[in-house]
Amino acid sequence: MQKKIMKLVLICVAIIYFLNSSDGARILGIFPLTTYSHFILGHTLMKELASRGHEVTVMSPYPQKTPIENYKDIDLSEMLRKHEENRKNVFDIINVPPAVSILFLHHWIINGTSECLKMDVVQDFLKSDQKFDLVIVEEFVLYAFMGFCHKYNTPCVTFSATGLSLLTSNQVGNPISPSYVPNIALPYLSHMNFFQRLFNSLMYVFCELVTHLYALPQHNKILQEYFPGAPHITELYYNVSLTLINSHVSTHHPVPLVPNMIDVGGLHIKPPKKLPKDLQEYLDNAKEGVIFFSMGSNVRSMDMPVEKREIFLKTFGQLKQKVLWKWEDEKLSGKPSNVKISKWLPQTDVLAHPNIKLFITHGGLLSTTEAVYHGVPIVGIPLYGDQVMNLANAENNGIGRGLPYSELTEDKLSDLIQEVLTNPKYADNAKRRSSIMRDQPMTALERGVFWVEYALRHKGAPHLRSAALNLAWYQYLLLDVIVFVIAALFMTFLTLRFVIRKCMGSKKKSSKVSEDKKRN
Ligand SMILES: *[C@@H]1O[C@H](CO)[C@@H](O)[C@H](O)[C@H]1NC(C)=O
Ligand SMILES: *[C@@H]1O[C@H](CO)[C@@H](O)[C@H](O)[C@H]1NC(C)=O
C-alpha cells in the first residue's frame, strides 16, 4: 500500500515538474523603428511565441489596440509622432547615391536610438528591473539596443527585415563575398560584370569602414550612457546567438548561411482571410481581371507629385482591366471609371484572389514576397533602399519587370503593363516561384519559432557560433598568409638571383683568368 502511495506521489511530482519545465519563457522583443513593415515581421513572430505560452513583451511604436494573451506592450508611439513631425516626403529623396544613403541611414538610426532610449517609458521599464530569458532585437544597425541582452544577461537573437547583407553577416561570421553577393543598396544581380564587381567591392569596404569607424563608436557612447557597466559594443556585436533573416531561395539568390543564420522569408504571410463583402464582389465580378496598385504601408501614393500621378491615371484609364489603387485620401481627382480607390486594403488577401492579374508595387520586400507567395506577376517602380535590388531579383526570376521611378513615363508604364499582362512567361514563372516558396518542411513562422525556442533550450546555443568569429579580420582574410607567401617568394627570388650572379661572376672571372693565361 505504502509503495503504491509513494509511486503515486512520484508520478505527481514528475507531472508537476514536467508542467513547470514546459512553462513559457519570458521574451523581450525590441522593434523600435517607425517603419510599419518592419514591425509586422517582428509582431508576427512575437504573437506566435505568445500563443505558444511564452510571456512576451514587445517594445515598439505600434501597441496593440485589442489585448493579446501573454503579449505586453511597451508603447513607443511617441516616436511615431516625432517621426511624423520630421517626415520627409520619400518622393523628394529619391536618387540619392547609395553611399550617401548608407550614411543617412546610420545617422537616422543613431539619432533615433538615443531619442528612444531617453524616453520616459523606456527609462521606467529599465528601472523596473524585470527578468527575461531571451531578447530579440531588430537588426537594422540598431546596435545600442543590444544593451538589453547584456542588462538581462540573456541570449541575443537578431531579426532582420531585409535579406542577407553585410550587416547581418558580419555579426555571426557568415561568409559573404562581394564577388557574387551584391550590396543591398545596389541594383546588381549575383552575376556581376567586372565594373559592377569593382564597385560592389568598394561599397563593401566603404560599409565596413562606416560601421567600424562611425556607427559602432557612436552606438558605444549611447550604450555606455544608458546601460552603465556594459562591455564595449563590439563584444555585444559579435555575441549574437541567432539571426533571423527575411529571405528565401524563392525570392533571393542562393547563398551560404552559417548554422545560426535562419531564412524566415514569408514569415508574415498568413492563410488568406475572407475579404470584406464589397471588395469580394468587386474582385469576383472583374471579368477582365484586376490590376492591384499599392506603394506599401510606408510610402503614401498621395505624396506623389501631380505629374507622376497623371501618368498613372492616364495609363490606367486606357486599360480594359479594373484597377484597385491603395490611395490614402478620400478623393482622387481625374479618376477614370475603371479605377477603384481605397485607403486601406488587406494586401495578401487581395493578392490571393484569382482575378488579380498584376501587382504594381514599389518593390518593398514584404510586398514582393507576398506576390511570389501568391504567384502574381509584378511591375515594380522602386523608390529607394533595397527596393531596386528586390525588383532586380524579380526580373532575374522572370516574374516581372521594374521601371525606375525617375524614368516613369506614360509610354513606358503602359508598355510594361501590356508586356507583363500578355506574355504568359511572367505568370508561369510567378506560379513556379510560388510553388518553390510553399515547398518547405515547415512554414517560415514555424521555423522562426523553432529556432528561438532552440536558442532558449541551449542557453544561446554557443555551439552554433562560427569559428570565424575567433579570428582577427586580417587572419580571416588570410592577409597574414598572403603577405608571408609573397615575402617568401620575393626572398627566394633574391637569393636565387644572388647565387646565380655569384656563379656567373666566378665563371666569368675564371674564364677571364684562363684567357689571360693563354695570352701570356
Ligand atoms: C535628433 O534629431 C532631431 C531633429 O534633427 C534633433 O532635434 C535632436 O536633438 C536629435 N537628437 C539627438 C539625441 O541627437
Ligand atoms: C554572450 O552571450 C551569452 C549567452 O548567449 C551570455 O551568457 C554572455 O554573457 C554574453 N557575453 C557578453 C559579453 O555579453
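The values are calculated or read from the model by the stated rules, or taken from the named source; none is laboratory data. This one's a predicted model, so the numbers in the text were calculated from it and none came from an experiment. Cβ placement follows ideal geometry from the backbone for every residue including glycine, while neighbour counts extend to all protein chains displayed. Quick note on the areas: whole protein, heavy atoms, side chains included, nothing else; ligands and nucleic acids left out. Shrake-Rupley method; radii C 1.70, N 1.55, O 1.52, S 1.80 Å.
Miscellaneous remarks
- Filtered by the rule that a residue be more than 21 Å from residue 159 (Cβ to Cβ) and within 16 Å of ligand 2 (Cβ to nearest atom), segment 196-225 gives 220, 224.
- Close pairs (8 angstrom Cβ cut-off, 6 or more residues apart or separate chains): of a type outside the set (A, V, I, L, M, F, W, C) and open to solvent by 70 Å² or more (accessible area, probe 1.4 Å) in segment 84-109, more than 16 Å from ligand 2 (Cβ to nearest atom) and part of a helix (DSSP H, G or I) anywhere: 95/406
- Test: residue 131 is under 27 Å from residue 465 (Cβ atoms) and among the charged types (D, E, K, R): yes
- Residue match in segment 176-191 (condition: in contact (Cβ under 8 Å) with a residue 12 or more places away in the chain, open to solvent by less than 20 Å² (accessible area, probe 1.4 Å), of a type outside the set (Lys, Arg) and part of a helix (DSSP H, G or I)): no
- Looking across 419, 410, one residue alone is at pLDDT 95 or above, of a type outside the set (Ser, Thr, Tyr), over 14 Å from residue 292 (Cα atoms) and in contact with a helix residue (DSSP H, G or I) (Cβ under 7 Å, 6 or more places away or on another chain). It is 410.
- Counted residues, segment 58-76 - those being within 19 Å of residue 125 (Cβ to Cβ) and either among the β-branched types (Val, Ile, Thr) or at pLDDT below 95 (or both): 3
- Scanning segment 42-76 for residues being buried (at least 23 other Cβ atoms within 10 Å of the Cβ) and touching a residue at least 60 places away in the same chain (Cβ under 8 Å) gives a total of 5.
- Flag set for residue 488, criterion: open to solvent by less than 60 Å² (accessible area, probe 1.4 Å), outside the structural domain of residue 94 (by TED's automatic domain parsing), over 30 Å from residue 311 (Cα atoms) and small (Gly, Ala, Ser).
- Any hit, segment 217-237, residues being open to solvent by 70 Å² or more (accessible area, probe 1.4 Å), in a helix (DSSP H, G or I), more than 16 Å from ligand 1 (Cβ to nearest atom) and closer than 24 Å to residue 185 by Cα: no
- Matching residues in segment 35-85 - criterion: being of a type in the set (Asp, Glu) and within 20 Å of residue 147 (Cα to Cα): 73, 75
- Among the residues of segment 125-157, those identified as away from ligand 1 (no atom under 16 Å from the Cβ), part of a loop (DSSP other than H, G, I, E, B) and either surrounded by 24 or more Cβ atoms within 10 Å (Cβ to Cβ) or touching a residue at least 12 places away in the same chain (Cβ under 8 Å) (or both) are 130, 131, 132, 133, 139, 140, 152, 154, 155.
- Condition check for residue 454 on (1) in a loop (DSSP other than H, G, I, E, B); (2) within 16 Å of ligand 2 (Cβ to nearest atom): one failure, at (1).
- Counting only residues that are within 29 Å of the chain's Cα centre (by Cα), closer than 30 Å to residue 409 by Cα and open to solvent by 30 Å² or more (accessible area, probe 1.4 Å), segment 262-303 holds 5 of them.
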